[in-house]
Amino acid sequence: MSLKTRDDLTQLRLKCRDVVKAGGKRILVCAGSSCMSCGAEDVFDAFTKALGEKGVACSLEFELEGDRRAVGVRKSGCLGLCELGVLVRVDPVGYLYTCVKPEDCAEIVEKTIVGGEFIDRLAYSKGGLLCRCQDEIPFYSRQTHLTLKNCGHIDPASILEFISVGGYSSLEKALFEMAPDDIVQDISRSILRGRGGGGFPTGKKWEQVRRQKAEKKYIVCNGDEGDPGAFMDCSLMVGDPHLMLEGMIIAGRACGSDEGYIYVRAEYPLAVTRLRRAVEQAEELGILGKNILGSGFNFRININRGAGAFVCGEGSALTASIEGKRGMPRVKPPRTVEHGLFNMPTVLNNVETFATVPIIIGDGVDAFLKHGTAKSPGTKNFSLTGNIENTGLIEVPMGTTLRQIVYDIGGGMRGGATFKAVQIGGPSGACLTEEHLDLPLDFDSLTRIGAMIGSGGMVVTDDNACMVELARFFMNFTQNESCGKCIPCREGTRRMLEILERVVAGEGREGDVELLLELADTVTHTSLCGLGKSAANPVVSTIRSFRSEYDAHIRDKRCPAGACQKLKRYSIDPVACKGCSKCSRVCPVGAISGKIKLPFAIDGTKCVKCGACVAACPFKAVLAA
């Protein structure tokens, strides 16, 4: 099938919608990364087997001509509530089942698909609240989905399903109802800011590329998501790849480009597979290629896999990698908009930014401006991880407070623990503490306190987390990922890491904190690219908010959170100790002595703090503080 005109696409969309309306029940198995790790493939197979055993017709893909009575079984994109995977949604009723295992599938087929019943034991149930449908669950009802509106609700491997829910209608509008200048003006008027972390106005970037006098221009999508704990872009590429492609094609039309590149890290094999399939499907239908829908506009998309270098998230390093060179940033100016990929003017945006473009073009600028704040409109995707009740993928309006995310959507701290901090923006971000709970999360508010949204990773910690160790973890990551091109980043991050490693090992010295701050200032102001300029953010922010923890590590040789292994002090409670000698027998250095049936004791000068005694004691008499 090849679509030659706009009318061909309109007719195809009507046919697809008729199929949806005439279709029966559908089982959508979440195939996001978390659910896949919990056995989503086995659950999917179990459903097809259970339907066969019940004699119920089963359809595994969207078909224009097929049995309308067949139950559709699909692998969907990420449904978001990763904490409770495998998630299964049953449409059209909208039931959501949690923690589904293969042995549950026959019951779901028998009671829900055949009998129309809801199975309470597989429902979301917390604090006496039992929810049958997805929209009833607080985790979902307090979000606003724009870019994630299709994730979990369609089969991302089917272009026909995407078209059935209005996919590529924004492209139609951009091709046949808008001039390139009109598109750029709408993106500018929407005040869409880059969702990759920098927050640069997208319309301004597009306008700069559009006015360049060059024979060739490129549209590049940055899918090299590398922050620890971040999976927003991956979820979009896996769960709704055509939405991103549509945004890239519109950008090509607006800026006068006929070729695009998607740079996605090889550690995302499912995303690579989905993107390749999406490009192939779009080419087969005539939505990509020459003379798209008879408009005279040509555009094609290439997919490049990155080797996983964090620095390749930086624009000039990314384009160098696509060109086959070592991924290293260069001195700027000239900027990417002037001399980017293959030394040509280039639009470089991330996955979420391109996925937002069709929403603005399709729904209109005014509708988009109703979400978010005046200077940061729209929504933002976050990955919510850490010691919080509801971990997963969320989308909220810009300006939503940290308190709303942590407590209303995230459900608060796990096990009733006390909230301590949120590391936002990964290695490039900073720590937000209790004093920031009512801070609106938007570009400008975070910049004012020395933080940044970054790509959107959020790691929530409780009072059991050591902030010095957290800073060491992120500095270790950044130092390993430094490309080594500039001395301040290459050597400065190494020296900072060495100091932090000494501190958490109980070998900190007076003046270490001041030296860390001095190095942080140098690295921040003299590094070549964004990696080095933001590398010290986690260190500076934790010193600013948790200076007392640094002092305790250095002066008292003590970790207030009790998390740093080498700073733990082991002792035996003489009341709880029964004199069984198990702790003594497992001690590798003979630091524990005593007599049978009498309390044992630990010699702190010999103890290597391995923790073997804690695990061996059946009476919990060994204490670690």
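Test of understanding: what is the full-extension gain from Glu63 to Asp444, defined as 0.36 nm times their sequence separation minus their Cα-Cα distance?
132.5 nm
Taking a cut-off of 17 Å between Cα atoms, list the lysines near Lys597, but don't count ones fewer than 8 places away on the same chain.
Excluding near neighbours in sequence, the set is Lys578, Lys582, Lys620.
Check Ser76: other-chain or 5+ apart residues with amide H under 5 Å from its amide H, H built from backbone geometry?
Those qualifying (amide H under 5 Å, at least 5 residues apart or on another chain) are Val29, Cys30, Ala31.
With θ taken as phi - 60° and the coefficients 6.51, -1.76 and 1.60, list the Karplus ³J(HN,Hα) couplings across the range 185-194 in order, rounded to whole Hz; mark glycine and proline as x.
The phi angles translate into 5, 5, 5, 5, 5, 6, 6, 5, 10, x Hz.
Kindly state, to the nearest 0.05, the FRET efficiency for Glu491 paired with Lys375, given R0 = 35 Å and r defined as their beta-carbon distance.
E between Glu491 and Lys375, to the nearest 0.05, is 0.40.
Please state the charge dipole magnitude for the range 379-462, taken about the Cα centre, from unit charges on C-beta atoms (+1 on K and R, -1 on D and E), reported in debye and rounded to the nearest 20.
About 160 debye.
Starting from the Cα gyration tensor of the range 379-462, take the square roots of the eigenvalues, sort them a ≥ b ≥ c, and report rounded, prolate or oblate (rounded when a/c is under 1.5, otherwise prolate if a/b is larger than b/c, else oblate).
Note, shape of the range 379-462 comes out prolate.
Write down the percent of antiparallel bridges among all DSSP beta bridges whose residues are both part of the chain, to the nearest 5.
Here the antiparallel bridges make up roughly 55 percent for the chain.
For the range 111-117, in order, what is each residue's ³J(HN,Hα) by Karplus, 6.51 cos²θ - 1.76 cosθ + 1.60 with θ = phi - 60°, in whole Hz (x at glycine and Pro)?
For the range 111-117, the Karplus curve yields 8, 9, 5, 8, x, x, 8 Hz.
Per residue of the range 329-335, what does 6.51 cos²θ - 1.76 cosθ + 1.60 with θ = phi - 60° give for ³J(HN,Hα)? Whole Hz please, x for Gly and Pro, Karplus curve as stated.
x, 10, 5, 10, x, x, 7
With viscosity set to 0.692 mPa s and temperature to 37 °C, compute the Stokes-Einstein D of the range 352-426, Rh being the Kirkwood radius across alpha carbon pairs; µm²/s, no decimals.
Approximately 238 µm²/s, per Stokes-Einstein.
Percent of Cα-Cα pairs per 5 Å bin, from 0 to the last occupied bin, for the range 495-604, please list those.
Spelled out bin by bin, the range 495-604 gives 2, 11, 17, 15, 12, 10, 9, 7, 7, 5, 3, 2, 1, 0 percent.
Quick query: amide H of Gly260 versus all other amide H atoms, modeled in the peptide plane; which residues come in under 5 Å with a sequence gap of 5 or more or a different chain?
Residues meeting the amide H criterion: Ile219, Arg300, Ile301, Asn302.
Please compute, over every Cα-Cα pair in the range 158-258, the percentage with a separation greater than 21 angstrom.
Here the tail beyond 21 Å accounts for 41 percent of pairs.
May I ask you to derive the FRET efficiency for Ala106 and Thr526 from their Cβ-Cβ distance with R0 = 51 Å, giving the value to the nearest 0.05?
0.20
What are the lysines whose alpha-carbon lies under 17 Å from the alpha-carbon of Lys380, with same-chain residues fewer than 8 places away excluded?
Partners found: Lys149, Lys370.
Which far-off residues, 5 or more places away or on another chain, put their amide H under 5 Å from the one on Arg193, with H placed in the peptide plane?
The list, which skips near neighbours in sequence, is Thr202.
Over its Cα atoms, what ratio of radius of gyration to 2.2 N^0.38 Å does the range 159-369 give?
0.94
In square nanometres, what is the average projected area of the Cα convex hull of the chain?
Spelled out: convex hull of the Cα atoms, projected over all directions, averaged, 31.0 nm².
For the residues Glu501, Glu510, what sequence is obtained by ranking on other C-beta atoms within 10 Å, fewest first?
Glu510, Glu501
Please report, in Å, the Rg and the Dmax of the range 19-136, where both are computed over Cα atoms only.
13.5, 46
Cross-link partners among aspartates and glutamates for Lys15, C-alpha distance below 15 Å, same-chain residues fewer than 8 apart left out?
List returned: Asp7, Glu63, Glu65, Asp67, Glu161.
Under 14 Å from the Cβ of Cys483, count the other residues' Cβ atoms, weight Lys and Arg +1, Asp and Glu -1, and hand me the total.
For residues surrounding Cys483, the net value is +3.
Dividing the alpha-carbon radius of gyration of the range 443-547 by 2.2 N^0.38 Å (N being the number of residues), what value is obtained?
Rounded to two decimals, the normalised Rg is 1.04.
May I ask you to derive the FRET efficiency for Lys557 and Asn476 from their Cβ-Cβ distance with R0 = 22 Å, giving the value to the nearest 0.05?
It comes out at approximately 0.55.
For the range 158-183 and the range 215-245, what is the separation of their Cα centres, given in Å?
Comparing the Cα centres of the range 158-183 and the range 215-245, I get a distance of 19 Å.
With n ≥ 4 as the cut-off for DSSP H runs, can you work out [θ] at 222 nm for the chain, using -39500 (n - 2.57) per run divided by the number of residues, rounded to the nearest 500?
The helix contribution divided over the chain gives -10500 deg cm²/dmol.
Specify which residue in the list Ala266, Pro334, Leu497 is farthest towards the positive end of the charge dipole of the chain, using unit charges on the beta carbon of Lys, Arg (+1) and Asp, Glu (-1), about the Cα centre.
Leu497
How far, in nm, would the chain grow between Val114 and Gln565 when pulled straight, counting 0.36 nm per residue and subtracting the alpha carbon separation?
Going from the current span to full extension adds 156.8 nm.
What pairs from Lys101/Lys609; Lys54/Lys75; Lys420/Lys568 go past 32 Å between their alpha carbons?
Lys101/Lys609
Read-outs: derived from the displayed coordinates by stated rules, not from any lab. In this text, all values refer to a predicted model and were calculated from it rather than measured experimentally. Glycine gets a Cβ as well: all are built from the backbone with ideal geometry, and neighbour counts include every protein chain shown.
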